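Encoded as structure tokens, the structure appears first; notes follow it.
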Amino acid sequence: MSSNNLVIARVACVLSTLALLPPFAHAQPVAGYLGGSAEDTIRDMAIDGAGNVYVTGGTARATFPRTIGPAFAGVMDVFLTKYSSSGTLMCSALFGGPNYDRAYAVEIAPSGTIVVAGRAGSGLPTTLGVLQPAYGGDIAPEYAYGPQDGFVAAFDSGCQFVWATYLGGQGREVTRDIAVDGTSIYASQTTTTA
């Protein structure tokens, strides 16, 4: 699944507790805690066919638990955390640039690729050959977040970064939700431009 199969539709918790509910009637409920002393916000979760649970959002904490990938990079970074159906931490990664970055959506492709999407400032690590490798700009930035564009990023089943693309123009775009199938990623955004 590549970033070139994006379909874009544009439309003009300070501390998070994670509850893992079993996908099977015979399993026992599992509860856990993900967060710390800074702003950690879970924005979305997904469950794959094996019952693994994926959560994503944003963290303002350099000590957010991670098992792979780069260290905390900015004001707010995206996190992606994967738990087994029994609640065991399988992997956790941070993703972001020097500015405010946060995920709002996570989906699991049939191939096992983990796809996250959200908002990002300039400096987000993107990859060659994607739909939009460069930041598009924001002529009307919000005070709280600064200039923002939408983004979509992909990770392998072990939370290892694969690719990322911006989705945005001269306005403020935020990718709010995504859906995936075997060949495409569908992104829904809010925007300040027509």
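Overview of results
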item	result
Filter result for Pro133 (in contact with a Gly (Cβ under 9 Å, 6 or more places away or on another chain) and either closer than 20 Å to Gly51 by Cα or not β-branched (Val, Ile, Thr) (or both))	no
Test: Tyr83 is at pLDDT 95 or above and among the aromatic types (Phe, Trp, Tyr)	no
Pair list, Cβ < 8 Å and 6+ apart or interchain, from segment 176-191 residues that are of a type in the set (Ser, Thr, Tyr) to residues that are open to solvent by less than 40 Å² (accessible area, probe 1.4 Å) and in a loop (DSSP other than H, G, I, E, B)	Thr190/Glu173; Thr191/Gly168; Thr191/Gly169; Thr191/Gly171; Thr191/Glu173
Options Thr63, Thr59; residue that is of a type outside the set (Phe, Trp, Tyr), surrounded by 23 or more Cβ atoms within 10 Å (Cβ to Cβ) and at pLDDT below 95	Thr59
Leading residue by the ranking (farthest from Gly118 (Cα to Cα)) among those in segment 143-161 that are of a type in the set (S, T, N, Q) and modelled with pLDDT of 95 or more	Ser157
Any hit, segment 102-110, residues being basic (Lys, Arg), in a strand (DSSP E or B), open to solvent by less than 20 Å² (accessible area, probe 1.4 Å) and closer than 25 Å to Val53 by Cβ	yes
Qualifying residue in segment 129-148 (condition: open to solvent by 30 Å² or more (accessible area, probe 1.4 Å), among the aliphatic types (A, V, I, L, M), within 20 Å of Leu34 (Cβ to Cβ) and in contact with a Ser or Thr (Cβ under 9 Å, 6 or more places away or on another chain))	no
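The values are calculated or read from the model by the stated rules, or taken from the named source; none is laboratory data. Source: prediction; values computed, not measured. Reconstructed Cβ throughout: ideal geometry from the backbone, glycine too, with neighbour counts over all protein chains shown. These accessible areas exclude ligands, DNA and RNA; they are computed on the full protein's heavy atoms, side chains included. Shrake-Rupley method; radii C 1.70, N 1.55, O 1.52, S 1.80 Å.
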